[in-house]
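Below is one structure, written out as structure tokens, with a few remarks after it.
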Amino acid sequence: MKIVVCIKQVPATTNVRIDPETNALIREGVESQVNPFDENAIEAALQIKDAAEEECQVIALSMGPPQAEDALRDAIAMGCDDAILLTDAAFRGADTLATSYTLAQAVRKIGDVDLIFCGKQAIDGDTAQVGPGVAEHLGLPQITFAIEINLDGKKVTARRMLEDSFEVLECRMPAVITVVKQINDPRRPKMRNVLKARKREITQWTAEDIEADPDRIGFTGSPTVVWRVFAPEGRTGGRTIEGEPEELVQALADEILEIRKGLSTA
Ligand SMILES: Cc1cc2nc3c(=O)[nH]c(=O)nc-3n(C[C@H](O)[C@H](O)[C@H](O)COP(=O)(O)OP(=O)(O)OC[C@H]3O[C@@H](n4cnc5c(N)ncnc54)[C@H](O)[C@@H]3O)c2cc1C
């Protein structure tokens, strides 16, 4: 069995800078971490590997700048068998369509993949679009927001967590599954595995290696353009009313009536 887990390296700080020219997030040199939902995705894959009677290989896959190797080393330290970094200047500025296409091309190159795990969403882009996008590019069934997964031969049954209910879905492998945080508690890597992972050679693939169509990757392949990124202005003004509860209620009611009067005459 072969499982691929897509993991994204995300800023581990809110102190992020935006490239004034491209409006893309500046990722180089920023303190980073594995996207928290992707730790749950790795754990879900490793639990299947632990329970598997047949040989089961778990491969961590990431698209990002060279520093994203650190995120892949964290995945190896958790127990992934292998890790591949898709890194190339041509991938820069990718929106979710271009990102999911790039990951799908890499999955095609890996070949014979039974399950592809993704986190529900990335904590920086927050679109939750890449997982479903990978499934679409590969023409595979997808189950998103999984909180429980059971395998029976080639059949996958998963319970989905919706806003106020659950849904149980079933499909056949190969398939794409995205997971929510509540699915498991990611294992903490043992120190010796962290040290071993530091020495591991991480395979790097370029756009050419995955036979990517240059028009479908990076800025060129991204119909979504970040127009402007800005911090919303903080709210100013506001007034504090002090006094006994009854006085406060009265003062507030008077205030509201005043505003309404103002609005009705405006
Ligand atoms: C603030 C901000 C807003 C953005 N808004 C948009 C937008 O509205 N539309 C748009 O198209 N793009 C947007 N982008 C760009 C978008 O972040 C990138 O396209 C990104 O590569 C994927 O989208 P995401 O971060 O939303 O990931 P999500 O779709 O939320 O990620 C879901 C899962 O996909 C996998 N995954 C995502 N990215 C990677 C990766 N690089 N390598 C491996 N696995 C991955 C992970 O398993 C992750 O848990 C935005 C970026 C930023 C920083």
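The values are calculated or read from the model by the stated rules, or taken from the named source; none is laboratory data. Not measured: the values here are computed from a predicted model. No Cβ is skipped: glycine too gets one built from the backbone with ideal geometry, and neighbour counts run over all protein chains shown. The accessibility values were calculated without ligands, DNA or RNA, using every heavy atom of the protein model including side chains. Shrake-Rupley method; radii C 1.70, N 1.55, O 1.52, S 1.80 Å.
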Which one of these does residue 234 not meet: (1) of a type outside the set (Ser, Thr, Tyr); (2) touching a residue at least 24 places away in the same chain (Cβ under 8 Å); (3) assigned to a loop (DSSP other than H, G, I, E, B)?
-> (2)
Wholly within the range 68-165, which helices (runs of 4 or more DSSP H) include no fewer than the required count, namely at least 3 residues that are within 15 Å of the ligand (Cβ to nearest atom) and farther than 21 Å from residue 30 by Cα?
-> 96-110, 130-138
Could you check residue 33 against (1) outside any helix (DSSP H, G or I); (2) open to solvent by less than 50 Å² (accessible area, probe 1.4 Å) and say which number it fails?
-> (2)
Report whether or not residue 240 is loosely packed, with under 14 Cβ neighbours inside 10 Å, within 14 Å of the ligand (Cβ to nearest atom), assigned to a loop (DSSP other than H, G, I, E, B) and of a type in the set (Ser, Thr, Tyr).
-> no
Taking the residues in the range 18-32 that are in contact (Cβ under 8 Å) with a residue 40 or more places away in the chain and not small (Gly, Ala, Ser) as candidates, determine which candidate is nearest to residue 194 (Cα to Cα).
-> 27
Would you mind stating whether residue 63 is in contact (Cβ under 8 Å) with a residue 12 or more places away in the chain, under 29 Å from residue 173 (Cα atoms), within 18 Å of the chain's Cα centre (by Cα) and within 9 Å of the ligand (Cβ to nearest atom)?
-> yes
Pairs under 7 Å by beta carbon, first residue within 13 Å of residue 80 (Cβ to Cβ) in the range 40-56, partner part of a helix (DSSP H, G or I) and at pLDDT 95 or above, six or more apart or different chains?
-> 42/75; 42/78; 44/183; 46/78; 56/48; 56/49
Quick one: which of 180, 194, 229 is closer than 20 Å to residue 3 by Cα, β-branched (Val, Ile, Thr) and open to solvent by less than 100 Å² (accessible area, probe 1.4 Å)?
-> 180
Filtering the range 197-226 down to residues that are open to solvent by 80 Å² or more (accessible area, probe 1.4 Å) and within 16 Å of the ligand (Cβ to nearest atom), which residue is nearest to residue 71 (Cα to Cα)?
-> 204
Just wondering, is there one or more residues in the range 236-259 that are within 22 Å of the chain's Cα centre (by Cα) and farther than 26 Å from residue 14 by Cβ?
-> no
